[in-house]
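What follows is a short report on a single structure.
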Amino acid sequence: MSVDLSTTYLGLDLRSPLVASAGPIQQNLDGVRALADSGVGAIVMYSLFEEQVRHEEARQAEIELEYADSFAESLSFFPTVPSNAGGITNEYLAHLRACAKAVDIPVIGSLNGATNGGWVDTARRMEDAGAAAVECNIYMVPGDVAMTGPQVEERHLEIVKAVREAVGIPVAVKLSPFFSAPGNMISRLDEAGADGLVLFNRFLQPDIDVEKLEVVPGVWLSHQSDSRIPLTWIASLSGRLHASLAATSGVETSDDVIKYLLAGADVVMTTSALVRHGASYAQALLNGLEEWLARKELTLDQARGLLAVPSDASSSEYERNGYVAALEKAKSTYGA
């Protein structure tokens, strides 16, 4: 049977459900072209960080303040205020513009931040640069013990509402699973206007060097076991939201792509597998998906959500039953 992998995400037409998530391959135009040639349906650019935007805005304000008092006796002397035109933000937007023109698939801008500042203006500029959508990567680790759970949730909602109102392109939200009630938070983001939810962001966890007595920051590629939490929530949320569902983390083989689709993901994102094996590896993942669909005599739409929590079932009871069954299996496997 002929296998059609075309699908939609954020209301965008994609040729396949595999999306290259934000990563280092996108830092140069050749890498973006290689990803497009490998068959991915869309490309999420590496993230522009809120701290970078704020730093540049502060620097520009300092420059303008420095020149504000410059005034010669001659009215013909008008000093030119230096601009920050060559800053990181403008470099990012120029690269985004070039990438959007270079490939025939959607290119999605990515903003990484934790406060309300800088999101709206930068999201508008990404739209102007040709981004097909904007992904708000809300990376917030509350270090203030006085900050409450509801305050954290409201911060997320404020960011999403502000960006949604500011741009005419779709807005996706990449968020953490560490809420007291992730399902409710995701539903509220859906109601706030998010066009897509990307589940989940991986917090980068530092290590400690016991000899040097110092904290060691690090970046580790994801492993297949990292898929368990997003897989669980996607299966629970499938068919219960207006927004698209994107799965991310733990994709290494085509089986991992298939599992996410069976759970109900609209698209499956990967970075680590492409970093490990190269941009062309996306084609191997898609070939495996095509072969599986043909062997099972399923269309992509028929496979999607096939193993999601049934719409007439209580997600909490369904998960509880699965938990109890898992413990019973563990007893028989590892018990005396």
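The values are calculated or read from the model by the stated rules, or taken from the named source; none is laboratory data. Values in this document were obtained by computation on a predicted structure and should not be read as measured data. Don't worry about glycine lacking a Cβ; one is built from the backbone with ideal geometry, like all the others, and counts go over all protein chains shown. Surface areas here come from the heavy atoms of the whole protein model, side chains and all, with no ligands, DNA or RNA. Shrake-Rupley method; radii C 1.70, N 1.55, O 1.52, S 1.80 Å.
Condition first: open to solvent by 20 Å² or more (accessible area, probe 1.4 Å) and hydrophobic (A, V, I, L, M, F, W, C). Now tell me which residues in segment 180-191 satisfy that.
Ala181 - this is the single residue of segment 180-191 that is open to solvent by 20 Å² or more (accessible area, probe 1.4 Å) and hydrophobic (A, V, I, L, M, F, W, C).
Residue check, Glu154 against (1) under 18 Å from the mean Cα position of the chain (by Cα); (2) at pLDDT below 95; (3) among the acidic types (Asp, Glu), all met but one. Which one?
Checking Glu154 against (1) under 18 Å from the mean Cα position of the chain (by Cα); (2) at pLDDT below 95; (3) among the acidic types (Asp, Glu), the one that fails is (1).
So which residues in segment 202-223 are open to solvent by 100 Å² or more (accessible area, probe 1.4 Å), more than 20 Å from Val251 (Cβ to Cβ) and either in contact (Cβ under 8 Å) with a residue 24 or more places away in the chain or not in a loop (DSSP other than H, G, I, E, B) (or both), if there are any at all?
Ile208, the sole residue that qualifies.
List pairs: first residue in segment 275-303 and touching a residue at least 40 places away in the same chain (Cβ under 8 Å) and open to solvent by less than 50 Å² (accessible area, probe 1.4 Å), second residue hydroxyl-bearing (Ser, Thr, Tyr) and assigned to a loop (DSSP other than H, G, I, E, B) anywhere in the structure, Cβ distance under 6 angstrom, at least six positions apart or on different chains.
What qualifies is Ala279/Ser38; Ala282/Ser38; Leu286/Ser16.
Return yes when Thr89 is of a type in the set (Ser, Thr, Tyr), at pLDDT below 90 and surrounded by 17 or more Cβ atoms within 10 Å (Cβ to Cβ) and no when it is not.
Taking the combined requirement at face value, the residue satisfies it.
Report yes if Leu197 is open to solvent by less than 30 Å² (accessible area, probe 1.4 Å), within 15 Å of the chain's Cα centre (by Cα) and modelled with pLDDT of 95 or more, otherwise no. Spell out how you get there, then give the answer.
Details: open to solvent by less than 30 Å² (accessible area, probe 1.4 Å): yes; within 15 Å of the chain's Cα centre (by Cα): yes; modelled with pLDDT of 95 or more: yes.
In short, yes.
Only one of (1) open to solvent by less than 70 Å² (accessible area, probe 1.4 Å); (2) modelled with pLDDT of 60 or more; (3) small (Gly, Ala, Ser) fails for Gly322. Which number is that?
Going through the list (1) open to solvent by less than 70 Å² (accessible area, probe 1.4 Å); (2) modelled with pLDDT of 60 or more; (3) small (Gly, Ala, Ser), Gly322 breaks only (2).
Take Leu35 and tell me if it is touching a Gly at 6+ places or on another chain (Cβ under 8 Å), open to solvent by less than 10 Å² (accessible area, probe 1.4 Å) and either at pLDDT 95 or above or in a helix (DSSP H, G or I) (or both). I'd like the intermediate steps shown before the answer.
On the way: touching a Gly at 6+ places or on another chain (Cβ under 8 Å): no; open to solvent by less than 10 Å² (accessible area, probe 1.4 Å): yes; either at pLDDT 95 or above or in a helix (DSSP H, G or I) (or both): yes.
Considered against the rule, which asks whether it is touching a Gly at 6+ places or on another chain (Cβ under 8 Å), open to solvent by less than 10 Å² (accessible area, probe 1.4 Å) and either at pLDDT 95 or above or in a helix (DSSP H, G or I) (or both), Leu35 comes out as no.
Just checking, does segment 178-187 include any residue being assigned to a loop (DSSP other than H, G, I, E, B), more than 20 Å from Leu286 (Cβ to Cβ), touching a Leu at 6+ places or on another chain (Cβ under 8 Å) and modelled with pLDDT under 95? I'd like the intermediate steps shown before the answer.
As a first pass, look at segment 178-187 and keep what is assigned to a loop (DSSP other than H, G, I, E, B): 178-181.
Next cut, more than 20 Å from Leu286 (Cβ to Cβ) only: 178-181.
Subsequent filtering for residues that are touching a Leu at 6+ places or on another chain (Cβ under 8 Å) retains none.
No, that holds for no residue.
Here's the yes/no breakdown for (1) in a helix (DSSP H, G or I); (2) open to solvent by less than 60 Å² (accessible area, probe 1.4 Å); (3) modelled with pLDDT under 95; (4) more than 21 Å from Leu245 (Cβ to Cβ):
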| site | (1), (2), (3), (4) |
| --- | --- |
| Lys101 | yes, no, no, yes |
| Asp104 | no, no, no, yes |
| Thr115 | no, yes, yes, yes |
| Thr122 | yes, yes, yes, yes |
| Val141 | no, no, yes, yes |
| Val160 | yes, yes, yes, no |
| Val173 | no, yes, no, no |
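Which of (1) surrounded by fewer than 19 Cβ atoms within 10 Å (Cβ to Cβ); (2) in contact with a helix residue (DSSP H, G or I) (Cβ under 9 Å, 6 or more places away or on another chain) does Ala265 not meet, given it meets every other one?
With respect to (1) surrounded by fewer than 19 Cβ atoms within 10 Å (Cβ to Cβ); (2) in contact with a helix residue (DSSP H, G or I) (Cβ under 9 Å, 6 or more places away or on another chain), Ala265 is out only on (1).
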